[in-house]
Every structure is written in structure tokens, then in C-alpha cells.
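Notes to accompany the following structure.
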């Protein structure tokens, strides 16, 4: 939904006007406000209402994060196994 709103917003701009519109969005203050607004919305939607979805978000987010952290090491092991098979090791 956010991406659709963003796309609809920038769709009307000409290419030469787009950097002037996007540049303020990449400032430190704007990013801090966006993250703060997102966390406040999440808190209002899930934490205050005592929803169980926040627990699922933590569990599944943790699983995805641990998988992504371990992925490069697993990829290196897989490449090493393939290399060993190709060279008779």
C-alpha cells in the first residue's frame, strides 16, 4: 500500500523534477520521523490492543533474520563441496 501511494505520488512528476522531490526524503531527520511514525503505528495497532500478532512477528522475524545471517556461510560450504567434487576431493 505504501509503495502504491508512493508510485501514484511520483507518477505525475517529470524526470527532471523527481530528484527535487525525493532529496528531502533521504535526510536524517525525515528518516528518523518515518521510523518513529512507523513504530508508533505498530505500537498502536498491535501492542496497545494486546494482539498476539506481535509475538508472531518477533518469532518469524527472528527466524528470517537468523536464516539471512547464516546464509553466506552456508553458501560458502556449498561452494566448497561443489569444488571438492569437481576436483576429486
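Odds and ends about this structure:
- Test: residue in the range 29-37 that is loosely packed, with under 10 Cβ neighbours inside 10 Å and part of a helix (DSSP H, G or I): yes
- Verdict on residue 45 being in a helix (DSSP H, G or I) and either more than 21 Å from the chain's Cα centre (by Cα) or surrounded by 10 or more Cβ atoms within 10 Å (Cβ to Cβ) (or both): yes
- When the range 1-22 is limited to residues that are surrounded by fewer than 10 Cβ atoms within 10 Å (Cβ to Cβ) and farther than 21 Å from residue 38 by Cβ, the one that is modelled with the lowest pLDDT turns out to be 12.
- Scan of the range 51-89 for residues that are more than 30 Å from residue 41 (Cβ to Cβ), surrounded by fewer than 10 Cβ atoms within 10 Å (Cβ to Cβ) and under 19 Å from the mean Cα position of the chain (by Cα), ordered by number: 72
The values are calculated or read from the model by the stated rules, or taken from the named source; none is laboratory data. Quick caveat: nothing in here was measured; it's all calculated off a predicted structure. Note that each Cβ is placed from the backbone with ideal geometry, even for glycine, and that neighbours are counted across all protein chains shown.
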